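Engineer: Quick one: structure below, then a few questions.
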């Protein structure tokens with residue numbers, strides 16, 4: 001067994017024959033998401049944006065999760081019928097004879113009491129000025145396992161958070177694409193929320209299929 005936190009990007013690319021691509025219509029479509037905000041939401045967004053601007057340099061992982069990420073996710077509102085948010089749930093699978101698994105920070109999945117069909121992931125709640133782990137590789141490992149759990153039926157979506165910066169990732173079969181950083185302490189925060197909300201549209205399409 002090799003846990004998620006042990007994976008680095010190059011290692012998982014070699015082990016699973018994955019390739020990063022630099023042009024992806026799936027990622028482009030996701031990043032082009034738009035949404036409207038009411039006045040109350042704008043007030044909430046500006047409050048958390050300023051908090052991130054002032055304190056992101058100093059937060060540890062739990063503080064970043066509590067004071068920024070959780071608030072952003074509350075504004076996004078991931079209440080989707082039989083899909084729920086799960087945190088610190090275990091996920092594993094065998095790929096190319098390699099057992100990969102671990103505890104997932106955030107997972108949006110079908111299921112009420114426990115995740116059944118994982119669809120979207122957020123990893124990893126880490127501060128900006130500390131840590132030597134590879135959140136990109138760790139997220140890629142999580143998406144790879146989720147892809148197997150879903151029998152490769154549809155692309156897997158996720159993002160990893162490094163301090164104020166959000167990076168979005170799409171994995172389809174053996175190819176993945178990653179966005180540039182979106183800075184949640186400036187106007188990018190509105191795009192981050194729009195991109196996160198787009199996941200709800202994708203899930204609704206799955207339910208209709």
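Engineer: So in segment 68-87, with the set limited to residues that are in contact with a helix residue (DSSP H, G or I) (Cβ under 6 Å, 6 or more places away or on another chain) and part of a helix (DSSP H, G or I), which one is surrounded by the most Cβ atoms within 10 Å (Cβ to Cβ)?
Structural biologist: Only one residue tops the list, namely 68.
Engineer: Right, here's the next one. Name every residue in segment 31-52 that is surrounded by 11 or more Cβ atoms within 10 Å (Cβ to Cβ), out of contact with any helix residue (DSSP H, G or I) (no Cβ under 8 Å at 6 or more places or on another chain) and not in a helix (DSSP H, G or I), in order of residue number.
Structural biologist: 32, the sole residue that qualifies.
Engineer: Now for a separate question. Quick one: would you say residue 144 is in contact (Cβ under 8 Å) with a residue 60 or more places away in the chain and either closer than 15 Å to residue 16 by Cβ or assigned to a helix (DSSP H, G or I) (or both)?
Structural biologist: Answer is yes for this residue.
Engineer: Quickly run through segment 169-189 and pick out the residues that are outside any strand (DSSP E or B) and surrounded by 19 or more Cβ atoms within 10 Å (Cβ to Cβ).
Structural biologist: Within segment 169-189, 184, 185, 189 qualify.
Engineer: Being within 19 Å of the chain's Cα centre (by Cα) and in contact (Cβ under 8 Å) with a residue 12 or more places away in the chain is the filter; apply it to segment 20-30 and report the residue that is surrounded by the fewest Cβ atoms within 10 Å (Cβ to Cβ).
Structural biologist: Applying the first criterion (within 19 Å of the chain's Cα centre (by Cα)) to segment 20-30 yields 20-22, 24-30.
After this cut, where a residue has to be in contact (Cβ under 8 Å) with a residue 12 or more places away in the chain as well, the list is 20-22, 24, 26-27, 30.
Working: 20: 14, 21: 14, 22: 7, 24: 20, 26: 17, 27: 21, 30: 24.
Here the residue is 22.
Engineer: Now, a different point. From (1) closer than 17 Å to residue 61 by Cα; (2) at pLDDT 95 or above; (3) touching a helix residue (DSSP H, G or I) at 6+ places or on another chain (Cβ under 6 Å), pick out the condition that doesn't hold for residue 141.
Structural biologist: (1) is the only condition that residue 141 fails.
The values are calculated or read from the model by the stated rules, or taken from the named source; none is laboratory data. What you see is a predicted model, and the numbers here were worked out from it, not measured in a lab. Every residue, glycine as well, gets a Cβ built from its backbone with ideal geometry; the counts of neighbours run over all protein chains shown.
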